Amino acid sequence: MRPQHHFTAPRGWINDPYGVVHHDGRYHLFFQYVPEHTTWQFGVHWGHATSDDLVHWEYEGIALAPEGDEGCWSGTIVQVAGEPATMLYTSVFPADPAAGAVGVAHPVDDEWSAWRKGAVLIDVPEGVSVTAFRDPFVFRDDAGWHLLMGAGFTDDTAAILVFDSADLTTWSYGGVFASRHLTDVEPMPMGSIWECPQLIEVDGRWVLVFSAMEPYHQLFEAYAIGDLVDGRFTPEHWGRLTYGPGYYAGSAFADADGQPCMVHWIREVNDPEGQWSGALSITHRLRIVDDVLTLEPHPGAEQAGVDVVALRSWARQTVFAIGANGRAVPVGIEIVNEPGVITVIAGGERWQLPSSSGEVTMVLDSLVCELFTDRGALAFAVPVDAPAAQTATPA
C-alpha cells in the first residue's frame, strides 16, 4: 500500500517539506520528521531525501535533530556560489512554541547528511505581539537578502514579516511584508495566521504563497500575485490555490531548468499497518492563467513513470485501479463534472474544485489521489479499504 511516486518516510511521521534545491547534480529535499512516532510530536527533526528526477526520492536519514533547542521546525536552505550552504530553521521550546526563533546551521560534508548548528539569528521583534512566528524563507534581490516569517498578530491579523540582511547573518526587522485581517473575506477568508511563506517568480510575475490557518486548524494554500520592489511586496490579486483535505505547507523552488515548482505535504495519508504517516505530493509546476495561479504535474513526472490521466468531455466518472494482474477494480472514488466545478466523492466525503474548462488531470498512487484543473488542485487520502492503485483509469 505504500505509494510509489509520493515520498513517505521508512517509518514515523512526516509533514512540511522545505529546502528543495538542486545541488551537485541532485535534488535535495528536507522535511519535518518524527522518526519514532506516527503522530506529530513537539521534538521535530529535519529529515533528508535526494532525487535525480523529482519523482523517485531516496531517504538519506536525519539531517538536523533537537539539540540545544527542543524542536527543529520548518525553514529553508540558501546557496551562495563558492560558499557552504546555509540552513535557516525554526528553533522552538515548549514554554512558547508559537513564537519560534530563527536558528542557523551549516553542512559538515558535501552530501549534506549532517549539519552543525550556530547561533540564533532572529527572535520576535521587540514590541510586536504575535500568536505565531515561524517558517523562515529567504530570497535575494538587488537590495540584498530578505527573510520572510509566517506570523499572526494578537488582533487576528494574519501576516508575513520581513527581515533584511547584507550577509545572511545580521538581520534587521523591515516590517510587514503582507497581511490580511480575519474579517477580510474577499475573495475568501484567509485565516488569522499564515505559515510557510514562499516567494517565487512565475511567468514574469511575483507570487507569494502561504498556508492559511486558524489556531489549531489548518485551512489551505493561498496566494497573492503582486509586485516586488526593493524587497517589499505589493499584492494585486489574492486567491486560493488548493482544495480538499490534503494539501498544506507547500515548498516553492526552481528546478534545474529554472522553472517554478512546488512540493506539498498531503495530510492524513497513513500506513494501514501503522508504521508510517504522511506523504509528500508529486512535484508541481506553477503557472499563471488569467491572474489565477495554478498547479500541474511537473513535465518530468510522466517520463519518470507517474501515471497522469487526463479526463475530458465527461460528466461522471468512477475511478478504477489497474493492478499488477491487469484487472480493473473500483477504488471508491467518483468524480462529477458540473458547470464551473468538479465534485469529488470518496470515503463518504465530498469536496469541490473549481474549473472553467471542465478538464481534470488525475494522479492516483495507491493511498494518494491528486486532481488538477485550470483553477486549482485537490488532494486526498484514498479510503484505506480501497484496493492499492498502481495506475488508474476512469470509466
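Observations on the structure shown:
- Filtered by the rule that a residue be modelled with pLDDT under 95 and not in a strand (DSSP E or B), the range 98-108 gives a lone residue, A98.
- Test: residue in the range 119-127 that is surrounded by fewer than 19 Cβ atoms within 10 Å (Cβ to Cβ), assigned to a strand (DSSP E or B) and in the same structural domain as S192 (by TED's automatic domain parsing): yes
- The residues on offer are P197, P215, and the sole one that is modelled with pLDDT under 95, assigned by TED's automatic domain parsing to the domain that holds V34 and either charged (D, E, K, R) or more than 23 Å from I342 (Cα to Cα) (or both) is P215.
- So Y247, is it out of contact with any Ser or Thr (no Cβ under 6 Å at 6 or more places or on another chain), surrounded by fewer than 18 Cβ atoms within 10 Å (Cβ to Cβ) and of a type in the set (F, W, Y): no
- All positions within the range 165-185 that are more than 25 Å from the chain's Cα centre (by Cα) and within 22 Å of V78 (Cα to Cα): S165, A166, D167, T169, T170, W171, S172, Y173, G174
- The residues on offer are F253, F320, and the sole one that is assigned to a strand (DSSP E or B) and in contact with a Cys (Cβ under 6 Å, 6 or more places away or on another chain) is F253.
- Selection of the range 259-312 for residues being basic (K, R) and not assigned by TED's automatic domain parsing to the domain that holds N337 yields R267, R285, R287.
- D52 meets all of the listed conditions (1) closer than 16 Å to H5 by Cβ; (2) touching a Phe, Trp or Tyr at 6+ places or on another chain (Cβ under 7 Å) but one, namely (2).
- The residue that is farthest from S251 (Cα to Cα), counting only those in the range 128-146 that are outside any loop (DSSP other than H, G, I, E, B) and in contact with an Asp or Glu (Cβ under 8 Å, 6 or more places away or on another chain), is G144.
- Number of the exception - D230 against (1) buried (at least 19 other Cβ atoms within 10 Å of the Cβ); (2) more than 13 Å from the chain's Cα centre (by Cα); (3) at positive phi: (1)
- Subset of the range 262-273 [outside any loop (DSSP other than H, G, I, E, B) and either more than 15 Å from the chain's Cα centre (by Cα) or surrounded by 24 or more Cβ atoms within 10 Å (Cβ to Cβ) (or both)]: M262, V263, H264, W265, I266, V269, N270
- Total residues in the range 296-327 satisfying the condition of being farther than 21 Å from Y243 by Cα, surrounded by 17 or more Cβ atoms within 10 Å (Cβ to Cβ) and modelled with pLDDT of 90 or more: the figure is 4.
The values are calculated or read from the model by the stated rules, or taken from the named source; none is laboratory data. Bear in mind that the values here come from a model prediction, so they are computed numbers and not experimental data. Positions of Cβ are generated from backbone atoms using ideal geometry, with glycine treated the same way; all protein chains shown enter the neighbour counts.
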